[in-house]
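What follows is a single structure, written as structure tokens, with notes after it.
Read-outs: derived from the displayed coordinates by stated rules, not from any lab. All figures in this text were calculated on a predicted structure; none of them were measured in a lab. Note that each Cβ is placed from the backbone with ideal geometry, even for glycine, and that neighbours are counted across all protein chains shown.
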Amino acid sequence: MTNNEPITQSEVSVPSATGSPIWLTVVVGLVCLSLGLAVTFLLKPSKSRLAPAVPCASVTSSEQKPKTQLDVVERATAGETQAMEEITAIAVEQRSVVQAVALAKGRAAQKQTALDLLRENLAQNVDAEGLKKLMQFAQDGDTARVAIGIAAGLAGSKGCDLLYDLSGAKSTPPEMALLVGQFMSSKEVRAKASPALALVLDLRDATECDKRKALLEKAAEIGDRRILRHVVPLTKKTGCGAKKTDDCNPCLRDDNQKVIRDALAKAQSRKAPGF
């Protein structure tokens with residue numbers, strides 16, 4: 001074939017009818033390339049797999065230490081003995097404010113737990129030992145309010161007797177004495193007072209001479225030593241009138257104040273409940 005001869009159709013190279021189309025070959029090639037890249041990416045070692053990131057020691061320590069201290073403080077605040085002992089073992093001058101507060105709250109929590117147990121025992125049996133402990137709780141700043149409420153709610157007259165003693169005790173803070181007075185002024189509590197204590201309260205509140213005289217006559221029969229503090233002031237013959245020189249209780253001077261003398265003598269011989 002010379003250069004000038006025309007090219008026939010049979011001489012052109014074309015795919016056979018049974019061969020793959022060109023576009024299919026291209027697609028298969030691209031898919032294979034993609035799979036190869038994906039496998040390469042997956043098999044490539046990463047920093048996270050070879051060496052996990054670990055925080056520096058200083059950061060880890062600073063994060064864990066406060067958490068440990070907070071745990072001890074929380075447990076001590078709740079009254080846990082072991083945690084409180086850990087803080088107590090720290091020298092006073094080395095304790096933080098948070099630790100000192102936690103220790104104080106823990107002690108208060110332990111007292112409250114003991115008081116709750118005492119409440120349950122007194123609900124079953126109001127005995128002398130239990131009342132003595134209740135008196136101590138009523139004079140403790142951490143438990144005073146709750147203990148006073150327990151005393152007011154006791155069945156029988158013993159709780160009322162305790163409240164009266166508490167109201168006159170020198171160690172009772174003024175605000176607690178006021179709370180005691182509020183309880184004893186309630187009809188519910190006062191109705192539980194023993195005859196001897198009811199007489200004391202009536203004489204304390206009486207404002208008329210005739211009323212006081214009737215109560216003094218009764219005191220000679222059932223009064224105990226608690227009434228003396230309210231009888232002795234009645235021996236005074238001044239304090240009324242414009243100049244405070246008049247006798248406030250002239251009806252008690254009959255027969256040389258015999259009603260007062262009898263009340264003092266007989267009430268003196270009767271012991272009051274003690275706590």
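Details
- Filtered by the rule that a residue be farther than 17 Å from A144 by Cβ and hydroxyl-bearing (S, T, Y), the stretch 74-131 gives T77, T81, T88, S96.
- Filtered by the rule that a residue be outside any helix (DSSP H, G or I) and in contact with a Ser or Thr (Cβ under 7 Å, 6 or more places away or on another chain), the stretch 149-185 gives a lone residue, S157.
- Of all residues in the stretch 223-273, those satisfying the criterion of being loosely packed, with under 12 Cβ neighbours inside 10 Å and small (G, A, S) are G241, A242, A265, S269.
- Scanning the stretch 76-103 for residues that are surrounded by 13 or more Cβ atoms within 10 Å (Cβ to Cβ), part of a helix (DSSP H, G or I) and among the hydrophobic types (A, V, I, L, M, F, W, C) yields A76, A83, M84, I87, V98, A100, V101, A102, L103.
- Filtering the stretch 104-130 to residues that are in contact with a helix residue (DSSP H, G or I) (Cβ under 6 Å, 6 or more places away or on another chain) and part of a helix (DSSP H, G or I) leaves K105, G106, L115, L118, R119, N121, L122, G130.
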